[in-house]
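Novice: Below: one structure in structure tokens.
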Amino acid sequence: MMLQRPGAVSILAKRTASPLLVRALATASATKKKSFDPSVYLVTDDTYLTPEDGAGQTSPSTFGPPSLTQKILASCQGGATMVQLRLKNVSTKRYVDVARDVKNQMAAQGWAGRVPLIIDDRVDVALAIDADGCHVGDSDLDVPTVRKLVGPDKILGSSTYGDAEMMMAAIRDGADYVAGGGVAPSMTKKYVTKGVAHLHDIRYKLLANMGDIPLVAIGGITDFNASDITFAGADSLAIVSHILRHGSTGDVTAATKKIAELQNAAKIARRRAKDESSEVFGDLLADKRAEILKAGPLIHCMANYVSMDIMANVLLACGMSPAMVHNDKESGEFASVASAVAINIGTLNEESVRSFSDAANAANAKGTPWVLDPVAVGLLTYRTGVVQDLLKLKPTMIRGNPSEVVKCAELLGIDVSQASKGGEALVAKGCDSSLDTLSVNLEIVDELARRIEGTVVMTGAADYSTDGEKGYLALHSVPGLQHITAAGCSLTAVVSGFAAVEKATAAAAGMRPNYALAGAQACAYYTLSCQLAEKKALKQRLQAAGVGPGIDPAHDDVLAPGSLRVALLDGLAEISDSDIRALTRMERVF
């Protein structure tokens with residue numbers, strides 16, 4: 001590398017680094033910086049260093065654990081796209097020996113030129129071994145100085161501790177990527193955690209002001225939180241303990257591969273929901289929830305006997321006001337003053353059927369949105385007839401599972417012979433469906449919405465909301481909800497509340513209500529709240545058991561139904577505005 005003012009650089013080197021830096025500056029050769037992918041960024045720690053590291057040993061010890069170098073190679077095999085050698089407590093000579101050995105062994109296994117090797121802190125070490133780049137923090141040489149020392153061709157990263165202004169300054173000074181730390185508790189460092197949501201604001205501030213510069217998240221990243229961290233805004237996951245703590249190279253490879261898979265799926269979801277969307281769904285949902293909390297809509301719940309308790313508590317947690325009015329002498333009158341009406345046909349009797357009809361007619365007369373939950377329609381003759389009569393009254397919205405939605409379509413004369421994309425028979429299993437949402441031909445759902453001149457919200461592992469002109473997907477999933485009695489019934493009531501506020505907001509703006517969007521928003525809010533609360537409860541359970549920071553539950557761990565029910569209520573009440581904005585996964589289908 002040729003420097004314009006070698007004398008000045010040598011003076012700086014003598015003041016700030018070891019004599020090794022001065023010698024390295026004199027002999028370093030110029031190279032062209034290649035494009036780099038920091039997606040899965042393996043970062044090392046002294047904890048994992050062994051005597052074999054730096055000695056050129058290429059095979060695992062017969063008796064001891066694999067060396068750090070061998071774990072690095074195993075992580076590359078699993079999908080690590082960049083490696084940072086970070087050794088805080090070794091001599092300069094030891095650092096150079098290990099770094100050179102890592103570089104040589106990566107080259108021997110074909111990773112040179114494919115997986116960049118970055119040296120943490122020590123510019124002298126980076127230059128001595130001709131590493132691909134260097135990473136510095138606030139206690140190291142500043143970014144402009146390091147850029148002058150390493151030249152324009154090396155990769156340069158900077159730790160900026162989640163501060164957007166520091167990030168933009170580092171980029172202006174020559175950093176190729178910036179790292180925001182403290183996302184979650186870590187096994188290697190102590191700090192105040194910043195959480196996941198702040199990555200969303202940082203990423204889009206960087207995009208607006210600095211272009212597409214990689215944002216690296218670091219601190220306590222595991223397969224339990226990798227997806228949310230990526231979706232929120234991180235382009236790169238810098239991981240230490242979750243990969244290196246494993247005692248075999250096979251487990252290191254598997255852990256890296258799992259992170260890469262989760263990250264890739266989350267990046268695809270982020271691109272669809274955020275980067276390529278003209279609608280900022282997280283912001284829209286956060287704004288809608290604020291409107292709900294301000295308005296406190298009164299929801300007339302015509303609920304079945306099983307669901308009344310949880311439905312009322314769910315609505316209260318959402319900031320809505322529930323009223324369980326069933327008597328046929330009162331239902332029509334109350335529907336005319338409610339903000340919305342939710343009709344659930346789960347436990348039928350003759351009085352309730354009259355009440356349903358009176359409430360629906362009163363809601364139609366007042367222009368009040370009402371939502372039909374056609375529980376187990378098609379399973380029994382009587383309830384199927386009740387639903388058929390209610391469909392004639394044209395509900396504002398239908399909320400049901402795939403079997404219920406398809407049966408409603410059939411009752412209105414829609415051809416459902418091709419309802420399942422795979423050709424499976426679509427049948428009800430009590431109140432449950434034999435197929436999931438994305439297995440259903442969505443054109444049938446769109447046509448049903450057009451027939452009732454309203455909106456259909458079909459819920460499952462993914463939720464689809466359509467008015468026949470616009471379609472939206474809400475893509476949060478909490479599998480355990482299907483094991484909580486009346487979780488779906490309660491969602492119907494939440495959909496009703498969102499519809500009520502959508503109507504009021506649209507009226508104030510002189511616009512037509514977008515009930516399709518409101519339905520998807522209700523589903524996203526409901527399941528995201530539960531999803532985050534479940535993760536929080538699982539983490540708290542580990543902490544109560546004495547497990548330290550940096551160790552998370554397994555990616556597929558779930559709460560038991562009783563605990564999940566509590567988490568659902570807490571999550572609906574406690575979810576933060578920033579989490580909604582950062583983590584809402586919705587897509588516009590058409």
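The values are calculated or read from the model by the stated rules, or taken from the named source; none is laboratory data. Computed from a predicted structure; not experimentally measured. Quick reminder, even Gly has a Cβ in these numbers, built from the backbone with ideal geometry, and neighbours come from all protein chains shown. Surface areas here come from the heavy atoms of the whole protein model, side chains and all, with no ligands, DNA or RNA. Shrake-Rupley method; radii C 1.70, N 1.55, O 1.52, S 1.80 Å.
Novice: Spin-label point model (7 Å from Cα, Cβ direction): what's the residue 389 to residue 450 distance in nm?
Specialist: Spacing of the two 7 Å Cα→Cβ label points: 3.0 nm.
Novice: Test of understanding: what is the full-extension gain from residue 261 to residue 418, defined as 0.36 nm times their sequence separation minus their Cα-Cα distance? Mind dumping the intermediate values first?
Specialist: On the way: separation 157, 0.36 × 157 = 56.52 nm, distance 3.32 nm.
Extra length available between residue 261 and residue 418 comes to 53.2 nm.
Novice: Output the DSSP H helices from the chain with an along-axis C-alpha extent of no less than 20 Å and a mean Kyte-Doolittle hydropathy no less than 0.5.
Specialist: 487-509
Novice: Now for a different question. Report in % the part of the accessible area of the chain that belongs to carbon and sulfur, leaving out ligands and nucleic acids; probe 1.4 Å.
Specialist: Carbon and sulfur: 52 percent of the exposed surface of the chain.
Novice: Only helical DSSP H runs with n ≥ 4 go in: add -39500 (n - 2.57) per run for the chain, normalise by residue count and round the 222 nm mean residue ellipticity to 500 deg cm²/dmol.
Specialist: That calculation yields -14500 deg cm²/dmol at 222 nm.
Novice: If the chain between residue 173 and residue 536 were fully stretched, how many nm would it gain, using 0.36 nm times the residue separation less the Cα-Cα distance?
Specialist: So the extension gain works out to 126.8 nm.
Novice: Hey, how many Å between the Cα centroid of segment 461-488 and the Cα centroid of segment 229-252?
Specialist: Centre-to-centre (Cα) distance: 31 Å.
Novice: While we're on this one: For the chain, rounded, prolate or oblate, judged on the Cα gyration tensor with a ≥ b ≥ c (square roots of eigenvalues), a/c < 1.5 rounded, else prolate if a/b > b/c?
Specialist: prolate
Novice: Amide H neighbours of residue 455 under 5 Å, counting only residues 5+ apart in sequence or on other chains, H built in-plane at 1.01 Å?
Specialist: 397, 398
Novice: Would you please give the FRET efficiency between residue 547 and residue 348, computed as 1/(1 + (r/R0)^6) with r the Cβ-Cβ distance and R0 = 51 Å, to the nearest 0.05?
Specialist: Calculated value: 0.55.
Novice: Check which residues have an amide H placed less than 5 Å from residue 118's amide H, if you skip close sequence neighbours.
Specialist: 83, 84, 85
Novice: Still on this model: Net charge within 15 Å of residue 330 by Cβ-Cβ distance, Lys/Arg positive one each and Asp/Glu negative one each, not counting residue 330 itself? List each step's numbers first, then the result.
Specialist: Details: positive: 329, 354; negative: 328, 333, 351, 358.
That works out to -2.
Novice: Which of the pairs 88/148; 154/258; 194/536 have their Cα atoms more than 19 Å apart in this structure? Walk me through the intermediate numbers first.
Specialist: On the way: 88/148 23 Å; 154/258 29 Å; 194/536 15 Å.
88/148; 154/258, as the Cα separations exceed 19 Å there.
Novice: Tell me, what HN-Hα J-couplings in whole Hz come from the Karplus equation 6.51 cos²θ - 1.76 cosθ + 1.60 at θ = phi - 60° for each residue of segment 226-242, using x for Gly and Pro?
Specialist: Result, ordered by residue: 4, 5, 5, 4, 5, 4, 4, x, 6, 8, 9, 10, 8, 10, 10, 5, 4 Hz.
Novice: Computed FRET efficiency, Cβ-Cβ of residue 35 and residue 507, R0 60 Å: what is it to the nearest 0.05?
Specialist: With a Förster radius of 60 Å, E is 0.70.
Novice: Just to confirm, what accessible area per residue do you get for the chain at 1.4 Å probe, in whole Å²?
Specialist: 41 Å²
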